[in-house]
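Trainee: Provided herewith is a single structure, encoded as structure tokens, for subsequent inquiry.
The values are calculated or read from the model by the stated rules, or taken from the named source; none is laboratory data. Here the structure is a predicted model, which is why all the values come from computation and not from measurement. Note that we place each Cβ from the backbone using ideal geometry, even for glycine, and neighbour counts take in every protein chain shown. All accessible areas refer to the heavy atoms of the entire protein, side chains included, with ligands and DNA or RNA removed. Shrake-Rupley method; radii C 1.70, N 1.55, O 1.52, S 1.80 Å.
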Amino acid sequence: MYFLKRFLLIVLLQVVIFSFIFTLFIFNFNQRREVNKTQSKALATVIAEQATKYFEISKNNFSSKEFFSYLDKQIGVDKLTNAFNLNPPELLTIYFRSDIEKGYVNAGTDDNLKKDDNSSLNKSTKYFFNNKYVAIKPFFLKNSDSPFGVVRIETSNIPILVDVLSSNGIFYLFLFLILNNQAFLFYLWIRKKKDVVLDKGYLKESSLGSIKIMHKLLGDVIEDHNSQDSSESKAPKNNILNIDKKK
Amino acid sequence: MKKFKFFFILILFLVSCNSLNKSLNVQLLGPMLESVNEEGKLQYSGKIVNKSEAVVRNVLFRFIVENDQGSIIEAVTIAVDGVNGEYILQNEVVDFEFTLRSRPNKIFSKEFSIDYKSSGEDL
């Protein structure tokens with residue numbers, strides 16, 4: 001029971017330490033994810049502006065493929081996405097309002113062509129978290145209140161997760177070791193010292209018996225030597241304590 | 001012995017962290033561009049770049065689409081060849097393009113992966 005209690009205490013302590021490190025990891029991960037969200041939204045805005053320009057020039061042209069060629073010539077899709085560095089967007093799409101309204105395509109938008117956060121198209125839950133972020137930005141043509149279409153950008157969160165884990169892994173390991181060390185020091189600090197009660201005696205009977213035997217043997221040995229050396233026979237008995245006298 | 005165990009675990013951890021951090025040798029250059037063609041089907045185009053230090057062969061691009069139930073409704077595998085044949089040189093950028101047969105409104109999830117074999121030959 002004693003060992004089980006100690007074992008459970010150790011397990012509990014490790015769980016607390018792991019929870020703390022996990023919370024720290026989630027905090028780091030969320031920080032990076034927020035940066036990624038901001039970047040995705042900014043990119044969607046830039047592409048939406050370009051889409052407005054392009055589709056105003058070439059009206060009645062419902063070809064997103066030609067728009068991508070235009071975008072590549074004007075700015076360069078690679079240049080646009082280079083700012084992401086770690087996890088560039090995986091999918092870049094232009095959907096037209098007419099296609100969405102007719103139900104030809106699922107854009108993950110509501111009736112106003114704004115991002116529908118509840119749409120399953122905008123989520124990809126794996127490993128217990130949503131590992132996809134979708135930025136949707138509607139674009140308008142001049143003199144029109146309703147959007148002409150939407151720009152949709154899909155980004156994966158998995159590279160962020162892996163990067164946070166790999167760049168902070170050593171830090172987490174050392175934090176784990178340091179926290180364990182601190183917990184051990186704390187245990188040493190609060191550990192109760194056993195008081196030595198001299199009145200009751202602090203040795204077991206068997207130990208005391210063996211000490212007595214040793215004392216007797218040593219006394220005999222010294223006495224033997226004293227009898228051989230008559231010139232020093234008067235002095236040496238002083239360093240032998242007779243503990244039997246106490247009793 | 002305990003010190004040895006500690007350093008062994010530490011090295012193992014470092015190695016595992018390093019393996020996590022490895023960048024994909026063959027990866028997409030920029031995003032894939034999705035467009036709807038004249039037939040109303042989804043068409044994808046993109047670029048693949050070989051960022052490894054060796055020539056890679058048999059580069060396969062796999063694309064899987066699922067419906068709202070999470071069932072796979074279509075899987076596409078295309079071989080991506082370089083300019084000089086079925087291998088891709090260092091830093092070579094290769095274009096690819098494919099079209100899905102499934103109706104776009106039935107598609108709810110898209111996943112892709114790039115498989116390849118490294119020839120181990122440096123340039």
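Trainee: May I have the pair-distance distribution P(r) for chain A, computed from all Cα-Cα distances with 10 Å bins from 0 and rounded to whole percent?
Mentor: Whole-percent P(r) values from 0 Å outward: 6, 18, 16, 11, 9, 8, 7, 5, 5, 6, 5, 3, 1, 0.
Trainee: Separate question: Which entries in the list A:K137/B:K110; A:K79/A:K142; A:K102/B:K41 go over 22 Å, if you measure between the two C-alpha atoms of each?
Mentor: Check vs 22 Å cut-off fails for A:K79/A:K142.
Trainee: Additional query: I'd like to compare B:43-52, A:72-81: which one has the highest average count of other Cβ atoms within 10 Å, and what's the full order after that?
Mentor: B:43-52, A:72-81
Trainee: Pulled fully out, how much extra length does the chain show between A:R191 and A:K79, if you take 0.36 nm times their separation in residues and subtract their Cα-Cα distance?
Mentor: Numbers: separation 112, 0.36 × 112 = 40.32 nm, distance 6.24 nm.
Full-extension gain reported as 34.1 nm.
Trainee: Provide the solvent-accessible area of A:R97, counting protein heavy atoms only and rolling a 1.4 Å probe, rounded to the nearest 10 Å².
Mentor: Answer for A:R97: close to 70 Å² accessible.
Trainee: Could I ask something else about it? Give me the distance in nm between label points sitting 7 Å out from Cα along the Cα-to-Cβ direction at A:D110 and A:H225, one decimal.
Mentor: Using points 7 Å along Cα→Cβ, the separation is 10.0 nm.
Trainee: At 222 nm, what value in deg cm²/dmol follows for chain A if DSSP H runs of at least 4 each add -39500 (n - 2.57) and the sum is divided by all its residues, to the nearest 500?
Mentor: Value at 222 nm, helices only: -19500 deg cm²/dmol.
Trainee: Keeping every protein chain in place, order B:E66, B:E38, A:E66 by accessible area at 1.4 Å, biggest value first, i.e. largest first. Mind dumping the intermediate values first?
Mentor: Values: B:E66 40, B:E38 180, A:E66 95 Å².
These residues rank, largest area first, as B:E38, A:E66, B:E66.
Trainee: With +1 on each Lys and Arg Cβ and -1 on each Asp and Glu Cβ, and nothing else charged, work out how big the dipole of the range A:124-192 is about its Cα centre, in Debye to the nearest 20.
Mentor: Rounded to the nearest 20 debye, it is 200 debye.
Trainee: Alpha carbons only, please: Rg and Dmax for the range A:80-132, in angstrom.
Mentor: So, for the range A:80-132, Rg and Dmax equal 13.6, 37 Å respectively.
Trainee: Moving on to the next point. B:S109's amide H: which non-local residues (gap 5+, or another chain) put their own amide H closer than 5 Å, with H modeled 1.01 Å from N in plane and none for Pro or chain starts?
Mentor: Here the answer is B:E66, since their amide H atoms fall under 5 Å of that of B:S109.
Trainee: In nm, to one decimal, how far is the A:D145 label point from the A:R6 one, both placed 7 Å along Cα→Cβ?
Mentor: Here the modelled spin labels are 7.8 nm apart.
Trainee: Tell me, what is the FRET efficiency for A:I158 and A:A183 to the nearest 0.05, using R0 = 45 angstrom and their Cβ-Cβ distance as r?
Mentor: After rounding to 0.05, the efficiency reads 0.85.
Trainee: Let me ask something additional. Can you pull the one-decimal nm distance between simple spin-label points at A:V15 and B:N67, each 7 Å off the Cα toward Cβ?
Mentor: About 4.3 nm, to one decimal.
Trainee: Another question, if that's okay. Compute from the Cα atoms of the range A:20-128 the Rg and the Dmax, the latter being the longest Cα-Cα distance, and quote both in angstrom.
Mentor: Spelled out, the Cα radius of gyration and Dmax of the range A:20-128 are 16.8, 57 Å.
Trainee: Any chance you could give the angle, 0 to 90 degrees and rounded to 10, that helix A:205-228 forms with the longest Cα principal axis of chain A?
Mentor: Tilt relative to chain A: about 50 degrees.
Trainee: Given 0.36 nm per residue, what is the gain on full extension from A:I57 to A:T38 after removing their alpha carbon distance, in nm?
Mentor: Numbers: separation 19, 0.36 × 19 = 6.84 nm, distance 2.93 nm.
So the chain would gain 3.9 nm between A:I57 and A:T38.
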